[in-house]
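The values are calculated or read from the model by the stated rules, or taken from the named source; none is laboratory data. Just so you know, these numbers come straight off a predicted model, no measurement behind them. Quick reminder, even Gly has a Cβ in these numbers, built from the backbone with ideal geometry, and neighbours come from all protein chains shown.
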Amino acid sequence: MNSMNPSLSNENVQRDTAEPVPVDAREQPAESVIEYGKTVGTPFSDKPKFSLRDVEVYYGDSPAIKGISLDIAKNEVIAFIGPSGCGKSTFLRCLNRMNDSIDICRVKGQLELDGQDLYDPKRDVVELRARVGMVFQKPNPFPKSIYDNVAYGPRIHGLANRKSELDDIVENSLRKAGLWNEVKDRLDAPATGMSGGQQQRLCIARTIAVSPEVVLMDEPCSALDPIATARVEELIAELSESYTIIIVTHSMQQAARVSDRTAYFHLGHLVEVNETNKVFTTPEHELTESYITGRFG
Amino acid sequence: MPHKKDDVYGDHISHQFNEELAELKTEFLKMGGLVEQQLNDAVQALVESDSQLADEVRGRDKAVDQMEVDIDEEATRVIARRQPTARDLRLVVSVIKMVADLERVGDEAKKIAKFAIGLAEEGKAPRGYVEVRHIGNHVAGMLHDALDAFARLDSEQALLVMKEDKRVDEEYQAATRSLLTFMMEDTRNISRCMSVMWVLRALERVGDHACNLAENVIFMVKGEDVRHTSMEEAERVVGHTRR
C-alpha cells in the first residue's frame with residue numbers, strides 16, 4: 001500500500017528484509033541503571049588543578065548535572081564524552097563560569113581552582129576567564145586583523161608595556177598555535193578571510209595569548225576537515241606540556257587520540273572516569289562500553 | 001544472518017558492523033573446525049598407518065593457510081573502517097592472534113601427517129602409538145574446548161583448557177621416557193622412535209596452542225591478559241566479575 005510513495009516503500013522493504021534489532025539497544029539506557037553521585041574508575045587526583053565535589057547544575061527546576069565529583073590534574077588532557085544532552089558541555093562551562101550568563105542556570109556544590117572557590121562572589125570573573133580560557137565549537141574570530149585578534153586579550157589585561165612586547169606575545173602565541181608560518185606575512189589581513197581550520201587555530205592562539213593555565217575546548221574540531229582536525233590535535237598534544245586541557249568531543253576517536261583520561265557522562269551523571277587507554281579497551285562500566293562501541297548514542 | 005538477542009557482538013546501531021563481527025567469528029570458527037579435523041585425521045592416519053588419509057591432510061593445509069590470510073585481512077578491514085573499541089576491539093585483536101595459533105596447529109597436523117607417511121612405509125610397529133593416540137585425543141579435546149569457549153564466550157571453560165596443558169606436559173614427559181626405553185632396548189628402534197618422538201612433540205605443541213587460544217578467550221571476555229601469569233592469577237581474573 002505504500003508503493004505510491006518511494007520513500008515509504010523503501011522503508012517498508014528495509015523493515016521486511018532486515019532482521020529485527022532489539023529496539024531497546026538503540027535507545028539510551030534509562031537513568032535507573034546509574035547510582036546517584038557514583039562514578040567508577042579514577043575520578044580523583046593527588047594534585048588537582050580543579051577539585052569539583054557534588055556539583056549540581058539546574059536550568060530552572062530541571063537538573064542538568066546531578067552530583068558530579070571529579071578532580072582534574074595539572075597539565076593533563078581530559079576528554080568529556082557522552083551522548084547529546086548528557087551534560088558534558090554544561091559541566092565544562094561551569095569551570096570558567098560561562099554559565100553565569102544564563103539567567104536560569106544555577107550551580108551548586110564545591111568547585112575549586114587551585115584550592116580557591118570558583119564561585120566566590122568576590123572572585124573577578126574576567127580574571128578567572130583569563131586563567132581558564134575557552135575555545136568554542138565554531139571558530140569565532142573578531143572582525144579585526146589577525147594581529148589584533150591575538151593582541152586583544154593581552155591589551156585588555158595589560159600584559160604588554162611596549163609594542164615590541166605585544167609583537168612578541170602575538171608571534172609566540174601564533175607559533176604555539178602552529179599558525180605563524182602561514183600568517184606571518186599577512187598579520188594585518190582580516191581574520192575572517194582565513195580558512196576554518198586557520199580560524200580555529202587563531203582562536204586557540206588568542207586564548208593562549210593571555211597565558212592561561214587551563215584551556216577549555218568545546219568540540220573544537222567539529223567544524224573542521226580531517227587535516228585541520230589533525231593540526232588542532234597535534235596542537236593539543238604540544239599545549240598539554242604547559243596547560244591543563246579539558247576537551248568536550250563528540251568524536252570518540254578524537255578522545256582516544258588526544259586525551260590522558262576520559263570521562264563518560266550520561267544523563268547528567270558522571271558514570272566513569274579512567275585512563276583513556278583503559279576506557280577504550282576495557283571500560284569498567286557497562287554504559288561506557290555500550291556507548292563507545294556504538295550500541296547507543 | 002539473524003543475531004540472537006543475547007549475542008554481545010550483535011547489538012550495534014550499525015547493522016553492517018554487526019554483520020562484519022559476526023562474519024569474523026563465523027570464519028574463525030570455520031577455520032577452527034577445519035584445523036580440528038586436520039589434527040584428528042593426522043593422528044588417525046598415523047596410528048592406522050593410513051598414508052592416503054595422511055596425504056589428504058597435507059593437501060588440505062593450503063586451505064588452512066588461506067583462511068588465516070583471509071581472516072587477518074577481514075580483521076584489518078574491520079579495524080580500518082570501524083575503529084572498534086572495548087569488547088569489539090578485544091574480539092578483533094584476539095582473532096588476529098588466535099588465527100596464528102590455529103595456523104600453527106595446522107602446521108603441526110601437516111608435520112604429523114608427513115611422519116605418518118614415513119612410518120607407514122616402514123611397516124607396522126606400534127611402539128609409542130598408544131601414547132600418540134592418547135595425547136592426540138587429549139590435545140584435540142583441548143582444541144575443541146578452546147574453540148567452544150570462544151564460541152560461547154565461556155572464560156571458565158577456557159580456564160579448564162589452560163589447566164589441562166600441565167597434564168599434557170606430564171603425559172609428554174612420560175611418553176618420552178618410555179620411548180627412550182624402547183630405544184635403549186634395541187638400537188634398531190631408534191629411527192622409528194625418533195619419528196614418534198617428533199609426533200609427540202608436535203602434539204605437545206598443539207596443547208600449547210590450545211592453551212594460547214584459551215588465554216585469548218579469557219582476554220576477550222574479561223579484558224585482562226593472563227599470558228605469562230600464574231594459574232592463581234588466571235583463576236582470579238576468571239572468577240572476578242565485572243560490573
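Could you identify the single residue in B:ASP7, B:ASP55 that is charged (D, E, K, R) and modelled with pLDDT of 95 or more?
On the way: B:ASP7 fails: modelled with pLDDT of 95 or more.
Going through B:ASP7, B:ASP55 in turn, the sole match is B:ASP55.
For segment B:11-28, a residue qualifies if it is over 20 Å from A:GLY294 (Cβ atoms) and either in contact with a strand residue (DSSP E or B) (Cβ under 7 Å, 6 or more places away or on another chain) or within 11 Å of chain A (Cβ to nearest Cβ) (or both), but none of them does. Of all residues being crowded, with 20+ Cβ neighbours inside 10 Å and small (Gly, Ala, Ser) in segment B:119-139, which is modelled with the lowest pLDDT? Just the residue, please. Checking each candidate, the answer is B:GLY128.
B:VAL69 fulfils the conditions (1) closer than 30 Å to B:ILE117 by Cβ; (2) surrounded by 15 or more Cβ atoms within 10 Å (Cβ to Cβ); (3) without any contact (Cβ under 8 Å) to a residue 12 or more places away in the chain; (4) among the aliphatic types (A, V, I, L, M) except for a single criterion, (2).
If the condition is being under 14 Å from B:MET98 (Cα atoms) and touching a Phe, Trp or Tyr at 6+ places or on another chain (Cβ under 8 Å), then segment B:12-67 contributes B:LYS25, B:PHE28, B:LEU29, B:GLY32. When A:PRO212 is tested against (1) assigned to a helix (DSSP H, G or I); (2) over 14 Å from the mean Cα position of the chain (by Cα), exactly one condition is not met: (1).
Kindly indicate whether any position in segment B:144-159 is farther than 25 Å from B:MET98 by Cα and assigned to a helix (DSSP H, G or I).
Taking segment B:144-159 first, the residues farther than 25 Å from B:MET98 by Cα are none.
Looking for residues that are farther than 25 Å from B:MET98 by Cα and assigned to a helix (DSSP H, G or I), one finds none in segment B:144-159, hence no.
Taking residues in segment A:263-291 that are without any contact (Cβ under 8 Å) to a residue 12 or more places away in the chain, and partners anywhere that are in a loop (DSSP other than H, G, I, E, B) and buried (at least 22 other Cβ atoms within 10 Å of the Cβ), the pairs with Cβ atoms closer than 6 Å and at least 6 places apart or on different chains are A:GLU289/A:PRO283.
Please count how many residues of segment A:28-73 are within 14 Å of another protein chain (Cβ to nearest Cβ) and more than 25 Å from A:VAL215 (Cα to Cα). It would help to see each step written out before you state the result.
Our first condition is that a residue be within 14 Å of another protein chain (Cβ to nearest Cβ); within segment A:28-73, this holds for A:28-29, A:33-35, A:38-41.
Next cut, more than 25 Å from A:VAL215 (Cα to Cα) only: A:28-29, A:33-35, A:38, A:40.
Matching residues across segment A:28-73 total 7.
If you go through segment B:85-118 and pick out every residue that is buried (at least 19 other Cβ atoms within 10 Å of the Cβ), within 14 Å of another protein chain (Cβ to nearest Cβ) and either in a helix (DSSP H, G or I) or touching a residue at least 40 places away in the same chain (Cβ under 8 Å) (or both), you end up with 8.
For A:LYS122, indicate whether it is touching a residue at least 60 places away in the same chain (Cβ under 8 Å) and out of contact with any Cys (no Cβ under 6 Å at 6 or more places or on another chain).
On the way: touching a residue at least 60 places away in the same chain (Cβ under 8 Å): no; out of contact with any Cys (no Cβ under 6 Å at 6 or more places or on another chain): yes.
Here the answer is no, as A:LYS122 does not meet what is asked.
Here A:PRO220, A:PRO226 are screened, and the one residue that is out of contact with any Asp or Glu (no Cβ under 6 Å at 6 or more places or on another chain), more than 14 Å from chain B (Cβ to nearest Cβ) and either more than 30 Å from B:ASP225 (Cβ to Cβ) or among the acidic types (Asp, Glu) (or both) is A:PRO220.
Residue-by-condition table, conditions (1) of a type outside the set (Phe, Trp, Tyr); (2) more than 30 Å from B:VAL196 (Cα to Cα); (3) within 14 Å of another protein chain (Cβ to nearest Cβ); (4) touching a helix residue (DSSP H, G or I) at 6+ places or on another chain (Cβ under 8 Å):
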{"site": "B:TYR9", "(1), (2), (3), (4)": "no, yes, yes, yes"}
{"site": "B:LYS30", "(1), (2), (3), (4)": "yes, no, no, yes"}
{"site": "B:GLY33", "(1), (2), (3), (4)": "yes, no, no, yes"}
{"site": "B:ASN40", "(1), (2), (3), (4)": "yes, no, no, yes"}
{"site": "B:ALA45", "(1), (2), (3), (4)": "yes, no, no, yes"}
{"site": "B:LEU53", "(1), (2), (3), (4)": "yes, no, no, yes"}
{"site": "B:ASP61", "(1), (2), (3), (4)": "yes, no, no, yes"}
{"site": "B:GLU73", "(1), (2), (3), (4)": "yes, yes, no, no"}
{"site": "B:VAL78", "(1), (2), (3), (4)": "yes, yes, yes, yes"}
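Would you call A:ASP54 within 30 Å of A:VAL279 (Cα to Cα) and at pLDDT 95 or above?
Working: within 30 Å of A:VAL279 (Cα to Cα): yes; at pLDDT 95 or above: yes.
For A:ASP54, the condition - within 30 Å of A:VAL279 (Cα to Cα) and at pLDDT 95 or above - is met.
Checking the stated criteria, A:ASP103 turns out to be assigned to a loop (DSSP other than H, G, I, E, B) and more than 24 Å from A:SER259 (Cα to Cα). Can you say whether A:GLU171 is at pLDDT 95 or above, within 23 Å of A:SER259 (Cβ to Cβ) and surrounded by fewer than 18 Cβ atoms within 10 Å (Cβ to Cβ), as far as the supplied structure shows? It is false that A:GLU171 is at pLDDT 95 or above, within 23 Å of A:SER259 (Cβ to Cβ) and surrounded by fewer than 18 Cβ atoms within 10 Å (Cβ to Cβ). Take the residues of segment B:186-222 that are among the polar types (S, T, N, Q) and at pLDDT 95 or above: which is farthest from B:GLY106 (Cα to Cα)? Step by step, filter segment B:186-222, then rank; the result is B:ASN216. Across segment B:23-43, which residue is surrounded by the most Cβ atoms within 10 Å (Cβ to Cβ) among those that are under 15 Å from B:GLU73 (Cα atoms), of a type outside the set (Phe, Trp, Tyr) and out of contact with any Leu (no Cβ under 7 Å at 6 or more places or on another chain)? Looking at residues that are under 15 Å from B:GLU73 (Cα atoms), of a type outside the set (Phe, Trp, Tyr) and out of contact with any Leu (no Cβ under 7 Å at 6 or more places or on another chain), I get B:LEU24. Looking at A:GLY37, A:GLY60, A:GLY109 in this structure, which one is at pLDDT 95 or above and surrounded by fewer than 19 Cβ atoms within 10 Å (Cβ to Cβ)? Only one candidate qualifies: A:GLY109.
Of the residues making up segment A:210-236, those that are of a type in the set (A, V, I, L, M, F, W, C) and within 22 Å of B:THR85 (Cα to Cα) number 2.
The residues of segment B:221-243 that are within 13 Å of chain A (Cβ to nearest Cβ), surrounded by fewer than 23 Cβ atoms within 10 Å (Cβ to Cβ) and either of a type in the set (A, V, I, L, M, F, W, C) or under 18 Å from B:ARG167 (Cβ atoms) (or both) amount to a single one, B:VAL237.
With (1) of a type in the set (A, V, I, L, M); (2) within 20 Å of B:LEU179 (Cα to Cα); (3) modelled with pLDDT under 95 as the list, and B:VAL43 as the residue in question, which single condition is left unmet? Tallying (1) of a type in the set (A, V, I, L, M); (2) within 20 Å of B:LEU179 (Cα to Cα); (3) modelled with pLDDT under 95, B:VAL43 fails exactly one: (3). Meeting the requirement of 1 or more residues that are within 15 Å of the chain's Cα centre (by Cα) and within 14 Å of another protein chain (Cβ to nearest Cβ), the strands (runs of 3 or more DSSP E) wholly within segment A:234-297 are A:261-266.
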